[in-house]
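Here is the structure we will look at, set down as structure tokens.
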Amino acid sequence: MEFEHMADNGIVDFGNLHRIGRTMKKAMSGEEITVGMIGGSITQGSLSSTPKTCYAYLVYEWWVRRFPGSKVHYVNAGIGGTSSHFGAARVVEDLLVRQPDFAITEFSVNDSNTPFFKETYEGLIRRILTHEAEPGVLILNNVFYKDGTNAQEMHNEVGAFYGLPMVSIKDSLYRLVEAGEILKENITPDDLHPNDAGHKLVADIVTHMLDRIYEKVIKEEIDKEYILPKETLTANRFEDSLRLNNRNSQPAAKGFEIDKAAQEKITDIFRNGWNAGRIGDTISFEVEAGNIAVQYKKTVKRQAPVATVIVDKDMENQIVLDANFEEDWGDCLYLQNLLTGGEKKKHTLDITITQADEKSNLDFYLVSIIISDR
């Protein structure tokens, strides 16, 4: 299959091109622009040999080459092992504070193809679209190469509803893998994360879409305005997501200690939280929201402490937070739902260490509480 045909297959929809077209015209006139990406480990650049050989940087380089008279700034807000649930809570501080003109969202292999993640993804998309920078947004659907699994059905429903351009690696590169025209071991060592060759192919498919958009801009074939839908596709309970950590909250604590180490970059993920390691150590929050989740560190080391969380003093329905990670690829920033679709009122959370191994000298690390539907 010729590359252009494969890349054309990856174009799900052009959507409304007003915002991206405006960004390209801005760059044509020599103004500075900022391009950014938010997503999981593929966006972060996992398994690329250098930060400059991942798809995100290669797409940034397309903007640099296409518009040599413009200074183009680059923001990579990829964090491995994270979903759009977390993305909606962090997009402002990790991406939007940089005032991007163009943004790619990439969570299709971290989200599940379920209504829950359709709603969290809509929250992320609306948060970007309603930002004062009014960035143009492109949806990228990566894929598990072993079986074609991803969340693009749910994500693309959101994209279609908001009139966004969408690119699918499942409908393009993966089809060649499925047909045996490309050996997956040549582009991904683990059936998920691309190597340098795989990242380049992903970038080439995205930039093929950008080339097509550029042609439309030159021909004045883009929309004259973008109007954000007044209605929402889902209940939209995650657009107002807020992340509570030790920088913006002061919970009552006995035994849990504030982590005062500086966070060097956004991928330095186990920062700004609280540590505890003794049975009986407790930390308590009071929050007002309909959705509540807890983020904590799951580690491959043994034996890590185990905690329980009690919501609204409901002792009969305690939720276990086991810091021992069953996978072997590394420590995980784990996000556990505590309350979804609950009553929008004040709720209490009491987290207590219930198991700890003194010989292991490991702590339970509470990263943050994420609330929404406030």
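The values are calculated or read from the model by the stated rules, or taken from the named source; none is laboratory data. What you see is a predicted model; the values in this text were computed from it and never measured. Note that we place each Cβ from the backbone using ideal geometry, even for glycine, and neighbour counts take in every protein chain shown. With ligands, DNA and RNA removed, areas are computed over all heavy atoms of the protein, side chains included. Shrake-Rupley method; radii C 1.70, N 1.55, O 1.52, S 1.80 Å.
Quick test for you: out of PHE161, PHE116, PHE144, pick the one residue that is among the aromatic types (Phe, Trp, Tyr), open to solvent by 10 Å² or more (accessible area, probe 1.4 Å), within 20 Å of CYS54 (Cβ to Cβ) and out of contact with any helix residue (DSSP H, G or I) (no Cβ under 6 Å at 6 or more places or on another chain).
Working: PHE161 fails: within 20 Å of CYS54 (Cβ to Cβ); PHE116 fails: within 20 Å of CYS54 (Cβ to Cβ).
Criteria check complete, one pass: PHE144.
Working only within region 172-191, note down all residues that are in contact with a helix residue (DSSP H, G or I) (Cβ under 8 Å, 6 or more places away or on another chain) and closer than 20 Å to ALA56 by Cβ. Give the derivation first.
Pass one, region 172-191, residues in contact with a helix residue (DSSP H, G or I) (Cβ under 8 Å, 6 or more places away or on another chain): 172-173, 175-177, 182-184, 186-188, 191.
Residues satisfying the conditions are SER172, LEU173, ILE187, THR188.
Report, by residue number, each residue of region 64-91 that is out of contact with any Ser or Thr (no Cβ under 8 Å at 6 or more places or on another chain), more than 23 Å from LEU338 (Cα to Cα) and among the hydrophobic types (A, V, I, L, M, F, W, C).
VAL64, PHE67
Across region 81-108, which residue is surrounded by the fewest Cβ atoms within 10 Å (Cβ to Cβ) among those that are in contact with a helix residue (DSSP H, G or I) (Cβ under 9 Å, 6 or more places away or on another chain), part of a loop (DSSP other than H, G, I, E, B) and at pLDDT 95 or above?
So the residue we want is SER83.
So which pairs qualify, if the first residue must be in region 16-38 and more than 21 Å from ALA56 (Cα to Cα) and open to solvent by 10 Å² or more (accessible area, probe 1.4 Å), the second must be assigned to a loop (DSSP other than H, G, I, E, B) and of a type in the set (Val, Ile, Thr), the Cβ gap must be under 8 Å, and the two must be at least 6 apart or on different chains?
Once the first residue is more than 21 Å from ALA56 (Cα to Cα) and open to solvent by 10 Å² or more (accessible area, probe 1.4 Å) and sits in region 16-38, its partners that are assigned to a loop (DSSP other than H, G, I, E, B) and of a type in the set (Val, Ile, Thr) give HIS18/ILE222.
Taking the options GLY330, GLY342, name whichever one is in contact with a Gly (Cβ under 7 Å, 6 or more places away or on another chain), free of Cβ contacts under 8 Å to residues at least 60 places away in the same chain and either on the phi < 0 side of the Ramachandran plot or outside any helix (DSSP H, G or I) (or both). Can you show your working first?
Numbers: GLY330 fails: in contact with a Gly (Cβ under 7 Å, 6 or more places away or on another chain).
Exactly one residue qualifies, and that residue is GLY342.
Could you please tell me which pairs satisfy a Cβ distance under 7 Å, a separation of 6+ or placement on different chains, a first residue in region 246-272 that is among the basic types (Lys, Arg), and a second residue that is surrounded by 15 or more Cβ atoms within 10 Å (Cβ to Cβ) and part of a loop (DSSP other than H, G, I, E, B)?
ARG247/ASN272; LYS254/ASP281; ARG271/ASP259
Residues in region 167-177: is at least one open to solvent by 10 Å² or more (accessible area, probe 1.4 Å), touching a Lys or Arg at 6+ places or on another chain (Cβ under 9 Å) and touching a residue at least 60 places away in the same chain (Cβ under 8 Å)?
No, that holds for no residue.
If you take just the strands (runs of 3 or more DSSP E) that sit entirely in region 202-315, which of them hold at least 3 residues that are of a type outside the set (Gly, Ala, Ser) and open to solvent by 30 Å² or more (accessible area, probe 1.4 Å)? Write out each step before concluding.
Working: elements: 242-244, 252-254, 274-276, 282-289, 291-298, 306-311.
Because the criterion is at least 3 residues that are of a type outside the set (Gly, Ala, Ser) and open to solvent by 30 Å² or more (accessible area, probe 1.4 Å), the strands (runs of 3 or more DSSP E) in region 202-315 that meet it are 282-289.
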